[in-house]
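The values are calculated or read from the model by the stated rules, or taken from the named source; none is laboratory data. Not measured: the values here are computed from a predicted model. Note that we place each Cβ from the backbone using ideal geometry, even for glycine, and neighbour counts take in every protein chain shown. In case anyone asks, the SASA skips ligands and DNA or RNA and just uses the protein heavy atoms, side chains included. Shrake-Rupley method; radii C 1.70, N 1.55, O 1.52, S 1.80 Å.
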Amino acid sequence: EKGGYDHFMLKEIHEQPRAIRDTLTGRVKGGQADLSREIALSPEEIREIERIHFVACGTAYHAGLVGKYVIEELVRIPVEVDVASEYRYRNPILTPRTLVVVVSQSGETADTLAALREAKKAGSRVLAITNVVGSTVAREADDVFITQAGPEIAVASTKAYTSQLIAIYLLGLYLARIRRTRSEAELAEVVKHLEELPELAERTLEMEDTIRRLAAEIAKKEDLFYIGRGLDYAVSLEGSLKLKEITYIHSEAYTAGELKHGTLALIEEGVPVIALATQTSLYDKMVSNIEEVKARGAQVLGLALEGDAELHKLADEVLTIPRTLSFLTPVLTVIPLQLLAYHACVARGYDVDKPRNLAKSVTVE
Ligand code: M6R
């Protein structure tokens, strides 16, 4: 049942190229994203959307954070992202022109479901991105995008996250096409890169041996930091959650620009810092932040793009991921972070697929 892998989590990490491919299948036509089967809104209704809210929990919330960057960039509609347990109690501003996108692997998370019901009651349109056909969220939403990750068994979510990202890119591309915020040629260029992701994910998985070695070191630590800017920050949060939930190592993710506003005080000799620097437009800023932590003795593991020049001179270790469009990199950047958490967990001897205190599906508040 684990397909020759020691754990479901590892199997699911390795299934990502396939999950990405399957989630794209049937949703690209003539080189353009086409969600007309998933989203019943008319072009007129799509043009009337004034704001978008992503609402989700845990890893699915982290996918929503990527969604904010992607949708605002492509479609120029203001996007808010909320944790469902906050959203449902904070009286959000919902109108019939608000599109609420709930993201849930299981489609059964209690808080996400409650948020969906709040949004519907207020007359907003709800789109669900879920991995489970027939789940409560899928049944109650107005529109449904089913990710094709296949059953996810490990408590730590991996392939569901990357599939949710693909759903979000397709949503952004589809909305941009109908609202004409980008030219057909520009959109076709993004689609072309999207279709290359399965192969690039495959290549990213090849660094597993190096990661196993690095994970053995991480497994000995009790505290570490993830830093990044822009989309790298969103992925840092996900990397940090993955590590916490299965290795029980304390970690925090920070936007690199916030270090000086407090966190830098925690950086001293030997403190491990995982620094993500895959966003081209923010690269120089990240290099300065890495210099700051290095100067205080941090032990830096850098994550950069293939062919990177600067990080190799600065960081103690560097992992590189294949180049793609900056806003598609989260799909690849998260893979080494998933593998790092996995191998650190194995090195510590904990139960990978069933971490303490956690359930796969949180159906109670
Ligand atoms: O099924 P859902 O996507 O609604 O689940 C949301 C979270 O409970 C889930 O992503 C959780 O954070 C994972 N254990 C993270 O790996």
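If the condition is being assigned to a helix (DSSP H, G or I) and within 11 Å of the ligand (Cβ to nearest atom), then the stretch 335-365 contributes Q338, A341.
I need the full set of residues from the stretch 275-287 which are of a type in the set (G, A, S) and open to solvent by 50 Å² or more (accessible area, probe 1.4 Å), in order please. Even if it seems obvious, please write down each step before you answer.
First pass over the stretch 275-287, keeping only residues of a type in the set (G, A, S): 275, 277, 281.
Passing the criteria: only S281.
Against the conditions (1) surrounded by 23 or more Cβ atoms within 10 Å (Cβ to Cβ); (2) away from the ligand (no atom under 15 Å from the Cβ); (3) touching a residue at least 60 places away in the same chain (Cβ under 8 Å), D34 satisfies every one except (1). Has the stretch 225-234 got any residue that is open to solvent by less than 40 Å² (accessible area, probe 1.4 Å) and within 26 Å of K360 (Cβ to Cβ)? The answer is yes, given that some residue of the stretch 225-234 is open to solvent by less than 40 Å² (accessible area, probe 1.4 Å) and within 26 Å of K360 (Cβ to Cβ).
If you go through the stretch 83-128 and keep only what is of a type in the set (V, I, T) and either surrounded by fewer than 22 Cβ atoms within 10 Å (Cβ to Cβ) or in contact (Cβ under 8 Å) with a residue 60 or more places away in the chain (or both), you end up with V83, I93, T95, T98, V101, V103, T109.
Among the criteria (1) surrounded by fewer than 19 Cβ atoms within 10 Å (Cβ to Cβ); (2) farther than 30 Å from Y350 by Cβ; (3) among the aliphatic types (A, V, I, L, M), the one L305 does not fulfil is (1).
Results for (1) within 21 Å of L311 (Cα to Cα); (2) open to solvent by less than 10 Å² (accessible area, probe 1.4 Å); (3) modelled with pLDDT of 95 or more; (4) within 16 Å of the ligand (Cβ to nearest atom), shown as yes or no for each residue.
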| site | (1), (2), (3), (4) |
| --- | --- |
| E186 | no, no, yes, no |
| K221 | no, no, yes, no |
| E238 | no, yes, yes, yes |
| E269 | yes, no, yes, no |
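Candidates are the residues of the stretch 251-265 that are within 19 Å of G297 (Cβ to Cβ) and surrounded by fewer than 19 Cβ atoms within 10 Å (Cβ to Cβ); the one that is nearest to the ligand (Cβ to nearest atom) is E252. For the stretch 262-273, the criterion of a residue being touching a Lys or Arg at 6+ places or on another chain (Cβ under 7 Å), within 18 Å of T210 (Cβ to Cβ) and of a type in the set (V, I, T) is satisfied by no position. The selection criterion, being closer than 27 Å to S135 by Cα, in a loop (DSSP other than H, G, I, E, B), acidic (D, E) and within 16 Å of the ligand (Cβ to nearest atom), does not hold for E245. For the stretch 179-208, filtering for residues that are of a type in the set (A, V, I, L, M) and more than 18 Å from G26 (Cα to Cα) leaves 5.
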